[in-house]
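The values are calculated or read from the model by the stated rules, or taken from the named source; none is laboratory data. In this text, all values refer to a predicted model and were calculated from it rather than measured experimentally. Reconstructed Cβ throughout: ideal geometry from the backbone, glycine too, with neighbour counts over all protein chains shown. Calculation scope for accessible area: heavy atoms of the full protein, side chains included, ligands and nucleic acids excluded. Shrake-Rupley method; radii C 1.70, N 1.55, O 1.52, S 1.80 Å.
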Amino acid sequence: MSLNALDNCPRCGKLFVRGARSVCPDCYREVEEEFKRVYEYVRKSENRQRNIYEVSEATNVTVKQITEFIRAGRLSTADFPHLAYPCESCGENLITEGRICESCRQKLSAEIRKSFAEVEEEERRRRNGTGFYLLEEKLKTLESKKKK
């Protein structure tokens, strides 16, 4: 989508001219207020050990929005180590970087390896002439030779 196009605000649905921001001006002000509340809350020494759910409850800012602040680099997990956010895949494990936890990353890697192994096995069968589709190709080749 190009800059300066009409769009609906993903937060409130209101029509606005999309520029550098992905939300309407009213929602942008709201997001900035939410950031200010979260930052002021976690900045206090007694709140530095709070997790993302406690911060969300205390500031009335959604976990999703706090996660966006972290991903955008506005809140640093180096400064606030307990502000881990939920894995996008399982939603259970808390992480401080990326989108998925190590457990889900390993499962995904295993699934990818399995898929590659299946493709390689299929290719091996094709080269060795043991696949059904290869038999069909051979029959077509034989038929075309008979016609000549």
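Annotations for the structure displayed:
- Stretching ALA20 away from GLU32 to a fully extended chain increases their span by 2.8 nm, per 0.36 nm per residue minus the current alpha-carbon distance.
- Each label point was placed 7 Å from the Cα along the Cα-to-Cβ direction; for LEU139 and LYS44 their separation is 7.8 nm.
- Point-charge dipole on Cβ atoms (K/R +1, D/E -1) for the chain, about Cα centre, debye to 20: 1040 debye
- Considering only VAL55, VAL38, VAL17, the mean-square fluctuation computed in a Gaussian network model of the chain, springs between alpha carbons under 10 angstrom, is largest for VAL17.
- The chain, accessible area per residue, ligands and nucleic acids excluded (1.4 Å, Å²): 74 Å²
- Between ASN8 and ARG74, the simple spin-label model (points 7 angstrom out along Cα→Cβ) gives 2.4 nm.
- Spacing of the modelled spin labels on GLU120 and ASN60, each 7 Å from Cα toward Cβ, amounts to 5.7 nm.
- √(5λ) per eigenvalue of the Cα gyration tensor, the chain, largest first, Å: 53, 25, 10
- Accessible surface of the chain [probe 1.4 Å, protein heavy atoms]: carbon and sulfur percent: 50 percent
- Where Cα atoms sit under 28 Å apart: lysine pairs in the chain separated by 8 or more or lying on different chains: 10
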